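The values are calculated or read from the model by the stated rules, or taken from the named source; none is laboratory data. What you are looking at is a predicted structure, and each value in this text was computed from that prediction instead of being measured. Cβ sites come from the backbone with ideal geometry, for glycine too, and all protein chains shown count toward neighbours. The accessibility values were calculated without ligands, DNA or RNA, using every heavy atom of the protein model including side chains. Shrake-Rupley method; radii C 1.70, N 1.55, O 1.52, S 1.80 Å.
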Amino acid sequence: QVQLVESGGGLVQPGGSLRLPCAASTSIFSIATMGWYRQPPGKQRELVAAITSEMKTFYGNSVKGRFTIFRDNAKNTVYLQMTSLKPEDTAIYYCNYKRIGVDSWGQGTQVTVSS
């Protein structure tokens, strides 16, 4: 398994921005698909964004145009840039590392959007 460490969460006002980094403890990073998921209070975990080894990106419908996922393979890190945050973006955000034979999750970081 791969250890993933998320950071950057916190309390932000509606309309604000946050950037969440996720660092992976592996040298086998560039070939993995990296994803960000979130679990709002009382709801199931859902895909926020993902980026493949070919830099192809995917986004959940609710975040398209507001969130951007990108990766730095030299730092074994994936980022989620969040802008125009809304109260409904409040959730625990989890990082995911996926490649053949490996599916690892981070412990999550709390994002709260509130005035």
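Within the range 84-110, residues that are in contact (Cβ under 8 Å) with a residue 60 or more places away in the chain sit with their Cβ atoms under 6 Å from residues that are of a type in the set (Lys, Arg) and surrounded by fewer than 22 Cβ atoms within 10 Å (Cβ to Cβ), at 6+ positions apart or across chains, in these pairs: Ser84/Arg66.
For the range 86-115, give me the residue count where each residue is touching a Phe, Trp or Tyr at 6+ places or on another chain (Cβ under 7 Å) and of a type in the set (Ser, Thr, Tyr).
Narrowing the range 86-115 to residues touching a Phe, Trp or Tyr at 6+ places or on another chain (Cβ under 7 Å): 93-96, 104-106, 108-109, 111.
Imposing the further condition that a residue be of a type in the set (Ser, Thr, Tyr) reduces the set to 93-94, 104, 109.
Number satisfying all stated conditions: 4.
For Ala23, the test of being in contact with a Ser or Thr (Cβ under 6 Å, 6 or more places away or on another chain), within 18 Å of Ser104 (Cα to Cα) and touching a residue at least 40 places away in the same chain (Cβ under 8 Å) is passed.
For the range 100-115, check the following and say yes or no: at least one residue is under 19 Å from Val12 (Cα atoms), open to solvent by 80 Å² or more (accessible area, probe 1.4 Å) and in a loop (DSSP other than H, G, I, E, B).
yes
Within the range 1-80, which strands (runs of 3 or more DSSP E) (wholly inside it) include 2 or more residues that are open to solvent by 60 Å² or more (accessible area, probe 1.4 Å) and touching a Gly at 6+ places or on another chain (Cβ under 8 Å)? In the range 1-80, the matching strands (runs of 3 or more DSSP E) lie at 46-51.
Applying the selection to the range 88-99, what residues are under 23 Å from Val113 (Cβ atoms) and open to solvent by 70 Å² or more (accessible area, probe 1.4 Å)? Write out each step before concluding.
Taking the range 88-99 first, the residues under 23 Å from Val113 (Cβ atoms) are 88-96.
Correct list: Glu88 only.
Taking each residue of the range 49-73 that is modelled with pLDDT of 95 or more and looking for partners that are open to solvent by 90 Å² or more (accessible area, probe 1.4 Å) and in a loop (DSSP other than H, G, I, E, B) with beta-carbon atoms closer than 9 Å, six or more apart or interchain, yields Ala50/Lys56; Ser53/Ile31; Phe70/Met55; Arg71/Met55.
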